[in-house]
Structure formats: structure tokens, C-alpha cells
1. Averaged over its residues, how many other protein chain Cβ atoms are within 10 Å of peptide B:72-85's Cβ atoms?
2. Restricting attention to the alpha-carbon atoms of region B:102-167, what are Rg (one decimal) and Dmax (integer), both in Å?
3. Where nothing but the Cβ of Lys and Arg (+1) and of Asp and Glu (-1) is charged, how large is the charge dipole of chain B around its Cα centre, in debye to the nearest 20?
4. Given Cα pairs under 8 Å that are at least 6 residues apart, what percent is the relative contact order of region B:102-167?
5. In whole Hz, with x marking every Gly and Pro, tabulate ³J(HN,Hα) for region A:73-89 from phi via Karplus 6.51 cos²θ - 1.76 cosθ + 1.60, θ = phi - 60°.
6. Mind sorting A:Y180, A:Y259, B:Y245 by how few other Cβ atoms lie within 10 Å of their own Cβ, fewest first?
7. Please report Rg (one decimal) and Dmax (integer) in Å for the Cα set of region B:1-78.
8. Apply the Kirkwood formula to region A:245-292: the hydrodynamic radius equals the inverse of the mean of 1/r over all pairs of different alpha-carbon atoms; give it in Å with one decimal.
Amino acid sequence: MTASAHMQAPDTDPGYNFAYLDEATKRMIRRTLLKAIAIPGHQIPFGAREMPLPYGWGTGGIQVTASILGPDDTLKVIDQGADDTTNAVSIRRFFHRVAGVRTTTRTAEATIIQTRHRIPERPLTEGQVMVFQVPMPEPLFKLEPRLAETRRLHALGDYSLAQVKLYEDIARQGEGGSSYSHPVMVNHRYLMSPSPIPGFDNPKLHMSPALMLFGAGREKKIYAVPPYTSVVSLDFDDHPFRPVRAPHACAACGSTTSYLDEIVTDDRGGRMFVCSDTDHCAENQMARKAAE
Amino acid sequence: MSPILEGQDLALRFGAVRALDDVSLSLWPGEVVAIVGESGSGKSTLLRVLAGLMEPQAGRVLYHDAEGAAQDVHALREAERRTLMRRDWGFVHQNARDGLRMGVSAGGNIGERLMAAGGRHYGNIRAAAAEWMSRVEMDPARMDEAPRNFSGGMQQRLQIARCLVTRPRLVFMDEPTGGLDVSVQARLLDLIRSLVAELGLAVLFVTHDIAAARLLAHRIVVMRHGRIVEEGLADRVLDDPRHPYTQLLVASVLAA
Ligand SMILES: Nc1ncnc2c1ncn2[C@@H]1O[C@H](COP(=O)(O)OP(=O)(O)O)[C@@H](O)[C@H]1O
Ligand SMILES: [Mg+2]
Ligand SMILES: [Zn+2]
């Protein structure tokens with residue numbers, strides 16, 4: 001993420017500044033990112049720009065990626081776990097066009113990974129950056145609709161409301177409730193929404209060697225988890241948080257540890273389970289072939 | 001022994017209205033004090049200022065904690081004041097909507113203060129919620145129901161359970177039986193009286209119901225136009241009112 005910004009790669013559209021945003025905007029966003037990294041899990045407002053994509057397409061994540069992207073970076077974009085959905089393909093094409101950067105579907109090769117719903121199965125390494133597209137950054141939003149009051153609760157570190165919500169989930173559903181966006185305590189201080197990743201991925205945030213950046217375009221907020229930071233899912237002593245996956249093996253690669261998507265195979269109720277992380281599944285399949 | 005709570009020279013105006021006009025009041029540990037007076041006399045304002053919910057323009061409120069240290073309630077940092085309110089105090093509102101989370105089950109409402117105090121054992125929180133539902137004579141089997149499923153009287157019981165679960169030393173109540181049917185009021189007052197005696201609570205409560213004051217209070221404070229015009233032991237104030245305003249208040253009840 002060296003930001004020698006004016007250097008244009010050969011096949012870059014000359015009608016745009018490198019990575020689309022102007023340099024002043026990128027600097028402003030990078031300053032916000034530095035603040036966010038200095039106060040892990042704390043939401044920092046920023047002057048979000050209009051992007052040539054509708055909200056819900058990850059405009060917050062795209063602005064963060066645009067601000068940290070350098071010509072030497074290799075970008076991977078995933079939606080759910082896949083690199084080939086319309087959303088992922090459009091974002092990858094966009095950055096290829098406006099920054100000319102190398103793109104990849106391989107987790108191991110990527111220096112920046114923009115994501116909507118997943119953290120890759122392959123363990124991340126030092127120097128890699130995850131950029132999350134966040135629809136709703138405020139973890140207390142459903143419990144306390146007044147934003148001024150949620151800011152006060154964060155300032156006071158008063159998260160009993162979130163604990164009450166968890167109590168209600170368990171009382172109603174029997175188990176540690178919400179399977180997506182399960183709230184986490186970052187660095188023992190701030191309650192954070194990990195964006196809509198499945199609870200299965202929450203443990204990957206804890207003490208990760210990679211830098212995690214979160215951008216919410218519509219709500220104009222940025223937050224971060226720096227490398228090697230404690231991230232703990234909210235739970236009860238007698239109902240510890242448990243990452244859940246469908247109890248099956250992947251139909252394509254046989255993995256019994258990866259997060260699975262359920263796929264309907266015909267209109268007679270046929271279905272199968274395959275890895276949601278397509279790159280991970282392909283790696284497993286290759287390894288299996290090599291071993292045969 | 002020192003008072004548990006002292007209001008000193010409190011004043012608060014709303015525009016031209018003197019809602020509190022140089023009011024001083026002490027409450028002693030284990031004492032139940034009723035604040036009476038006609039509507040608009042400043043009772044709720046006094047209660048809210050003493051409970052730290054509203055800041056006075058002059059005067060101060062001192063709370064003497066269990067270790068005997070005096071805390072200037074309005075000079076505390078917000079975090080400290082909130083801790084105090086949830087650990088040592090309770091507040092029962094006239095309208096259950098103001099005191100309960102209507103979107104949260106009865107058990108969750110009672111458990112909230114335990115969780116705020118760091119409780120992280122789901123089973124223990126439920127056990128405490130069930131115990132407190134029983135103590136306020138509600139059916140613990142209904143602990144997963146929402147407050148709106150309960151009658152007005154039951155909602156007040158729930159509010160009381162929600163306050164008492166952390167064993168506060170001091171409870172504020174603003175017309176806790178207001179708006180309820182007479183027979184429901186009587187049973188709720190009986191319940192409050194027995195809990196207060198059992199737990200040795202200090203209680204400051206506002207009422208315009210002289211009968212409620214007689215039933216619960218050791219001492220009565222009479223307010224008019226933002227001032228205390230008379231105070232004394234409950235029987236003395238009710239049977240031998242000295243201030244003409246108190247005489248009118250007592251008489252209107254006798255006439256009712
Ligand atoms: N928030 C407020 N804004 C303006 N006036 C208020 C406010 N609260 C109370 N008052 C006025 O202060 C006086 C005392 O009100 P209150 O303490 O509610 O009396 P009580 O509880 O005895 O009925 C009344 O004249 C009331 O109209
Ligand atoms: Mg009132
Ligand atoms: Zn697979």
C-alpha cells in the first residue's frame with residue numbers, strides 16, 4: 001500500500017485520478033484511518049464521497065480501498081465467499097480500470113482484500129489488509145435508536161444493553177443468537193459490529209496478523225482493528241460463544257472445517273453443501289489432486 | 001448516624017415558575033418519607049433533583065454511601081453517577097413505560113441491572129429474575145413475556161423487581177400507584193410496605209394520595225409552590241396538620 005499516487009499503470013483510464021478519488025480526499029480518509037487504528041474498535045466519522053456505485057454496493061469499503069491502494073498492490077474482492085459474483089467482479093473491474101492494479105482471486109497473493117461477508121479461510125499474514133464493506137457500523141443501533149445516546153454509551157463503556165440483547169436471543173432461541181454481525185469487544189474497550197460476517201469468522205479477527213479496516217459509506221464511519229489486537233465475541237460464562245458451521249463436509253473438496261453454503265441443486269428439494277470461500281475450496285481440490 | 005441523602009438549599013426555575021424555591025430535605029437510612037402536595041407544587045421536580053436526574057440551579061445533593069463517604073451527586077462524573085444510580089439506588093416511575101424496556105422480556109428487564117453490574121452467568125441471572133418475580137408476586141413462568149402482556153399493576157411490580165434485584169439502599173418512587181384501580185393500588189401498597197420493611201430500604205416517594213402516605217410513610221413533607229410548608233411524623237402531620245394548606249389537603253381527602 002505504497003501510495004505513490006500519480007503513477008498511472010499503462011492500461012489505466014486516463015480520465016481518472018489514480019484509484020478514482022482525488023488526492024485530498026484520499027489523504028483525508030487516510031487520516032481517519034490512522035485515528036481509527038489508534039483507537040481500536042472506535043467509530044470515526046469521515047467526509048464520505050459520492051461513488052459511482054449505489055449504497056449497498058460497498059461504497060464505504062471502496063473509498064477505504066481507494067485511499068490505501070498503491071500501484072504495487074494486488075487486490076482481491078469477495079462477496080459472500082466468492083470472487084465471481086456481480087458485486088465482486090464490478091468492484092475488481094472498477095479498480096483495475098481506475099488504478100490499473102493487479103487483481104487476484106488467490107488469498108495468498110493479495111495484499112488488500114475487500115470483502116462484504118466473509119474473512120478468508122486461509123490464515124491471513126502480516127502485511128495483508130482486509131477492507132470490510134459495512135452497511136451498519138453501530139452495534140447498539142437496534143437497541144438504542146438515538147445516535148447521541150449510543151455515543152454516550154460508547155464513551156462510558158456501558159454495554160449492558162448489548163448483553164441484554166444476547167440474553168433475549170438465548171431466552172428466545174435457546175442458543176447464542178444472531179449468526180451474523182455478532183458483536184465483539186475490541187481491545188477490551190469498544191463494542192464493535194464486525195459487519196455482517198458470520199459468527200464463524202469472528203475468531204479470525206482475534207490477534208490476527210493482518211490489519212482490519214471497516215468502511216461504512218452511508219453512515220460515514222470508519223473503524224479498525226490493528227494487527228494482534230484482542231477481539232472477543234460477547235457471550236455468557238455458561239453460554240460461551242461458539243462459531244457455528246453446517247455439520248457437513250464440502251461436496252467439492254471434502255473440507256470439514258470450512259464455512260459452508262447450502263446450494264439447492266434441483267426443484268425436488270435436492271441440496272448440497274460447498275465451501276463459501278471459493279479460493280479455499282479450489283486450493284483444497286488442487287491439494288487433493290496432487291496427493292492422488 | 002448521618003442521613004443517607006441530603007438536599008441543601010435547592011432551587012430550580014422553569015421560566016417564571018419556581019419549581020423549587022430553596023428546599024432542604026434529609027432522608028435517614030431505613031426511613032420512608034412521602035412528599036405530598038397538589039399538582040404542580042414541585043414534588044416530581046424535587047424527587048428528580050434529589051435522584052440526580054435533573055440538575056438544580058442552586059444548592060447541592062449529598063449522598064452518604066455504605067462506607068460513610070459523602071458524594072456530591074451533581075458534581076460526580078457521569079460514569080460515577082450512573083454506577084451509583086444502578087448499584088445503590090432505584091427509581092420507580094409513575095408510568096411503567098418510563099421505567100421498563102418495553103421491547104425486552106420481563107426476565108431481561110429484571111436482569112439488566114445485574115448485567116450492568118458485570119453479571120455474565122445466564123443461569124444465575126435467570127434464577128435471580130425468577131426469584132424477584134416471585135417476591136413481587138408475579139408468576140416466574142411468565143418471565144419470557146414482554147411487559148405489554150402484563151396489566152398496569154403487574155408492570156409496576158416488574159419495575160419494582162427490576163430496581164430491587166441489585167439490592168439498592170435507596171429507592172425513589174414517583175406516584176408508583178398513580179393511574180391504577182383502587183383495589184390494585186391497595187395491593188401494590190401492601191407489597192411495597194412489606195418489601196421496604198423486609199429490606200430495610202430508605203424510600204422517598206411522591207404521592208398526592210394522602211391514604212398512601214399514611215400507609216407507607218414514617219414522615220411526611222408537604223410542598224406548595226416549590227416550597228416545603230410543613231414536615232413531621234406522618235401521624236402528627238395527618239392528625240394534627242398545622243399549616244392551613246396541609247389542613248386543606250387532609251380535609252379534602254377526608255371529604256373524598
Ligand atoms: N420540564 C419542565 N419545563 C417547564 N416547566 C416545568 C417542567 N417540569 C415541571 N415544570 C413546572 O414546574 C412546576 C412543578 O412541577 P412538578 O414538579 O411536576 O409538580 P408535581 O409533581 O408536584 O405535580 C409546575 O408548575 C410545572 O408546570
Ligand atoms: Mg408529579
Ligand atoms: Zn470446499
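1. Values: counts 0, 0, 0, 0, 0, 1, 4, 4, 0, 0, 4, 2, 0, 0.
Mean shielding by partner chains, rounded to a whole number: 1.
2. 10.5, 31
3. Details: 30 positive and 31 negative charges, 125 e Å.
For this selection, approximately 600 debye.
4. Values: 77 pairs, mean separation 31.9, N = 66.
Relative contact order for region B:102-167 comes out at 48 percent.
5. Per-residue couplings from phi come out as 6, 10, 9, 10, 10, 10, 9, 6, x, 9, 8, 10, 7, 3, 4, 5, 5 Hz.
6. On the way: A:Y180 14, A:Y259 24, B:Y245 18.
With the sparsest Cβ surroundings first, the list reads A:Y180, B:Y245, A:Y259.
7. Cα radius of gyration and Dmax of region B:1-78 are 12.7, 41 Å respectively.
8. Numbers: mean 1/r = 0.0898 Å⁻¹.
By the Kirkwood definition, the hydrodynamic radius is 11.1 Å.
Each value in this text was obtained by applying a stated rule to the coordinates, not by laboratory testing. The shown structure was predicted, so the numbers you read here are calculated from the model rather than taken from an experiment. Note that each Cβ is placed from the backbone with ideal geometry, even for glycine, and that neighbours are counted across all protein chains shown.
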